[in-house]
Amino acid sequence: MLKKEDIVTHDNEGHTRVPESLWVGRDNQMKLAYILTLTLSRNKIDELPGAAMFFWLSSLRKLDVSYNKLRALPEDL
């Protein structure tokens, strides 16, 4: 059963970058390990952080970055 902490949603919030409050800092990085679904859709994000963030997403099963300004995914992803 999914818990609220398993799903993180930042959709349609006008972000131009992935919020640093999500992945910067040891406490935030430790929380990333439990996220199963991360939704960042319908923003203006043009670049993803790469390994600096995705390294910590060891349980991630679904990533939704649709309807952003991404041209490519990070090579180290």
Report summary line: Scanning region 24-47 residue by residue, the ones that are farther than 13 Å from Leu63 by Cβ and among the hydrophobic types (A, V, I, L, M, F, W, C) total 3
**Report entry** Unique match (being open to solvent by less than 30 Å² (accessible area, probe 1.4 Å) and modelled with pLDDT of 95 or more) among Ser41, Ser66
**Finding:** Ser41
**Report entry** Matching residues in region 4-38 - criterion: being in contact with a strand residue (DSSP E or B) (Cβ under 6 Å, 6 or more places away or on another chain) and open to solvent by 40 Å² or more (accessible area, probe 1.4 Å)
**Finding:** Ile7, Thr9, Asp11
Query raised in the report: In region 1-16, which residue that is closer than 11 Å to Ile35 by Cβ and part of a loop (DSSP other than H, G, I, E, B) is modelled with the highest pLDDT?
Result: Lys3
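The values are calculated or read from the model by the stated rules, or taken from the named source; none is laboratory data. This is a predicted model, so every value here is computed, not measured. Reconstructed Cβ throughout: ideal geometry from the backbone, glycine too, with neighbour counts over all protein chains shown. Just so you know, the surface numbers come from the protein's heavy atoms only, side chains and all, with ligands and any DNA or RNA stripped out. Shrake-Rupley method; radii C 1.70, N 1.55, O 1.52, S 1.80 Å.
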